[in-house]
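Here you go, one structure.
The values are calculated or read from the model by the stated rules, or taken from the named source; none is laboratory data. This one's a predicted model, so the numbers in the text were calculated from it and none came from an experiment. Note: ideal-geometry Cβ built from the backbone for every residue, glycine included; neighbour counts use all protein chains shown.
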Amino acid sequence: MSAAPQVVFDAFHPVHRSNPYPRYALVRDFTALYPIKPQILMATRYEECSAVLTDALWGHGYEDGINPFRPGVAPDDVPGSMLRMDPPDHTRMRGLVKRAFVPRNTEGLRPRLEGLVNELIDKAIEAGEVDLMEALARPLPLTIIGDMLGIPPEDHTAVKKWSLEIVRGSDPDILQSPESLARRPEAMREFEAYFAGLIAQRRKDPRDDMLSDMCAAQERDFVLSEREMLGLSVGLLIGGYETISDLIGKGLVALLRNPDQIALWRANPELAPYAVDELLRYEPPVQFTHRVALEERELAGRTFARGEGVIVLIAAANRDPAVYTDPERLDITRFAGRSPAPRHLSLSGGIHYCLGAHLGRLETQIAVDTLLRRAPGLSLTDDEPVWRDTVAIHGLDTLPVRLRD
């Protein structure tokens, strides 16, 4: 990235991969808006990041061709198309699938979640030492979102491969290898071809899943184009799998490095819902996102013309000392009690607030709470966790743990 006077933003260098937060703090303390390149600044503090995320006139601009992050790219060419749309298309797309993710419906998944978590933990405890990413953090959310969409279990290996390639491709182009940049559109085409095959099956043989619901909506009202159905399917899969698996993995590392918080959780299991929000604040899976001024906007005393962009550094805003007391400390009581801390930004805000927020919280809560209860000897092994080589969606490759003393 570019340099600003006195302070260089280098948080994405591989040496900081396991802990970029001190580098975020350095740039946050330096300025509220850090210059990245012409027409793009980075918001580093809570006030500015929150203002951007909750203002619908900070959008994406693909439809109007004004996105400075990927000039000339159409919305249909962006993975997870709904996440990159502006109203009215975003409103239409979100309305088609939001019912599946309302709390009342996701709570109905609790028995399935509890059963799957216990089944996975049974196997992990029997093994004694496992990579917890492969044993729990990945199969749990992939199975659940796969069931919701209608993805057969035998296809999970291929789906994981495509998903990782698209996550890697979501990083800024400057941070990617030529091979990764070349692979990004190929992975998207392969993923869409896979979903096109599933959708064709559902048109012939509808089932109780979201792909069948999308097909019915298209046939009934033609509210979705074929490309939109494919982009929406890919976006729902990645959003329902990658970010949740990263939250579970990174959250467990944070807890294992703060054993006092594990003891507090075990002694007070009613804190579990609040603890999940603290894990989201402390280790957000999505470290940053971006927005484009759809109209002239003001931010931190600067005027942004239509088409200028802002990188929203969520991970820095979540540890802003102007908002959170002792923000570098993991505190699972932070969001509990009569005066909870201000809402973190890990689930975005405004019209783009995370569609699967309740489901992600529920999966994480059940997974971590059950693991802490059933594996009192849980500890990191001598092998260090290995961090994935991505920066926008930040997570682990491996998490070696011991489940028995």
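Of the residues Ile332, Ile351, Ile314, Ile366, which single one is β-branched (Val, Ile, Thr) and modelled with pLDDT under 95? Lay out the reasoning, then the answer.
On the way: Ile332 fails: modelled with pLDDT under 95; Ile314 fails: modelled with pLDDT under 95; Ile366 fails: modelled with pLDDT under 95.
Answer to the selection: Ile351.
Considering segment 186-208 alone, what residues qualify as being charged (D, E, K, R) and either touching a residue at least 60 places away in the same chain (Cβ under 8 Å) or in a helix (DSSP H, G or I) (or both)? Break it down stepwise before answering.
Step one: filter segment 186-208 for residues charged (D, E, K, R), giving 186, 189-190, 192, 202-205, 207-208.
Passing the criteria: Glu186, Arg189, Glu190, Glu192, Arg202, Arg203, Lys204.
While we're looking at this one, here's another question. Among the residues of segment 241-248, is any touching a strand residue (DSSP E or B) at 6+ places or on another chain (Cβ under 8 Å), part of a strand (DSSP E or B) and closer than 20 Å to Asp171 by Cα? So that I can check it myself, show each step before the final result.
So in segment 241-248, the residues touching a strand residue (DSSP E or B) at 6+ places or on another chain (Cβ under 8 Å) come out as 242-243, 246.
Those left that are additionally part of a strand (DSSP E or B): none.
No; the residues of segment 241-248 include none that is touching a strand residue (DSSP E or B) at 6+ places or on another chain (Cβ under 8 Å), part of a strand (DSSP E or B) and closer than 20 Å to Asp171 by Cα.
If Pro340 satisfies all but one of (1) touching a residue at least 24 places away in the same chain (Cβ under 8 Å); (2) surrounded by 15 or more Cβ atoms within 10 Å (Cβ to Cβ); (3) more than 18 Å from the chain's Cα centre (by Cα); (4) in a loop (DSSP other than H, G, I, E, B), what's the number of the condition it fails?
Unmet for Pro340, out of (1) touching a residue at least 24 places away in the same chain (Cβ under 8 Å); (2) surrounded by 15 or more Cβ atoms within 10 Å (Cβ to Cβ); (3) more than 18 Å from the chain's Cα centre (by Cα); (4) in a loop (DSSP other than H, G, I, E, B): (2).
Now for a separate question. Only one residue in Leu116, Leu120 is surrounded by 14 or more Cβ atoms within 10 Å (Cβ to Cβ), over 25 Å from Arg203 (Cβ atoms), touching a residue at least 24 places away in the same chain (Cβ under 8 Å) and out of contact with any strand residue (DSSP E or B) (no Cβ under 6 Å at 6 or more places or on another chain), so which one is that? Give the derivation first.
Numbers: Leu120 fails: touching a residue at least 24 places away in the same chain (Cβ under 8 Å).
Every option except Leu116 fails the conditions.
Against the definition (among the polar types (S, T, N, Q), within 23 Å of Thr91 (Cβ to Cβ) and in a helix (DSSP H, G or I)), how does Thr157 come out, yes or no?
On the way: among the polar types (S, T, N, Q): yes; within 23 Å of Thr91 (Cβ to Cβ): no; in a helix (DSSP H, G or I): yes.
For Thr157, the condition - among the polar types (S, T, N, Q), within 23 Å of Thr91 (Cβ to Cβ) and in a helix (DSSP H, G or I) - is not met.
Right, something else. Could you check segment 209-225 and list, in sequence order, the residues that are surrounded by fewer than 16 Cβ atoms within 10 Å (Cβ to Cβ) and either under 13 Å from Ile145 (Cα atoms) or in contact (Cβ under 8 Å) with a residue 24 or more places away in the chain (or both)?
In the first step, residues of segment 209-225 are kept if they are surrounded by fewer than 16 Cβ atoms within 10 Å (Cβ to Cβ); the result is 216, 219-223, 225.
Once the filter is applied, which keeps residues that are surrounded by fewer than 16 Cβ atoms within 10 Å (Cβ to Cβ) and either under 13 Å from Ile145 (Cα atoms) or in contact (Cβ under 8 Å) with a residue 24 or more places away in the chain (or both), segment 209-225 yields only Val223.
Could you grab me the full set of residues in segment 214-229 that are of a type outside the set (D, E, K, R) and assigned to a helix (DSSP H, G or I)?
Initial filter on segment 214-229 (of a type outside the set (D, E, K, R)): 214-218, 222-225, 229.
Result: Met214, Cys215, Ala216, Ala217, Gln218, Met229.
Which of the residues spanning segment 277-303 are crowded, with 22+ Cβ neighbours inside 10 Å, of a type in the set (Lys, Arg) and either out of contact with any Gly (no Cβ under 7 Å at 6 or more places or on another chain) or assigned to a loop (DSSP other than H, G, I, E, B) (or both)?
Arg281
Now for a separate question. Among the residues of segment 226-244, what is the count of those that are modelled with pLDDT of 95 or more and surrounded by fewer than 19 Cβ atoms within 10 Å (Cβ to Cβ)?
0
On to the next question. May I ask you to list pairs of residues, at least six apart or on different chains, whose Cβ atoms are under 6 Å apart, with the first in segment 151-174 being acidic (Asp, Glu) and the second being surrounded by fewer than 19 Cβ atoms within 10 Å (Cβ to Cβ) and in a helix (DSSP H, G or I)?
So the pair list comes out as Glu165/Arg183.
Another question about this same structure. Among the numbered criteria (1) within 18 Å of Asn19 (Cβ to Cβ); (2) assigned to a loop (DSSP other than H, G, I, E, B); (3) touching a Phe, Trp or Tyr at 6+ places or on another chain (Cβ under 8 Å), which single criterion is violated by Ala315?
Condition (2) is where Ala315 drops out.
Consider Leu345 carefully, then state whether it is assigned to a loop (DSSP other than H, G, I, E, B) and under 16 Å from the mean Cα position of the chain (by Cα).
Details: assigned to a loop (DSSP other than H, G, I, E, B): yes; under 16 Å from the mean Cα position of the chain (by Cα): yes.
Against the criterion (assigned to a loop (DSSP other than H, G, I, E, B) and under 16 Å from the mean Cα position of the chain (by Cα)), Leu345 qualifies.
So which residues in segment 348-362 are touching a Cys at 6+ places or on another chain (Cβ under 8 Å) and not in a helix (DSSP H, G or I)?
Step one: list which residues in segment 348-362 are touching a Cys at 6+ places or on another chain (Cβ under 8 Å), which gives 348, 360.
Result: Ser348, single match.
Scan segment 193-244 for residues that are closer than 19 Å to Leu142 by Cβ and aromatic (Phe, Trp, Tyr) and jot them down.
Within segment 193-244, Tyr194, Phe195, Tyr241 meet the criteria.
A further question on this structure: Give the residues of segment 350-384 that are farther than 24 Å from Leu116 by Cβ and buried (at least 20 other Cβ atoms within 10 Å of the Cβ), sorted by residue number.
His352
If you take the residues of segment 19-55 that are at pLDDT below 95 and part of a loop (DSSP other than H, G, I, E, B), which of them is surrounded by the fewest Cβ atoms within 10 Å (Cβ to Cβ)?
Pro38
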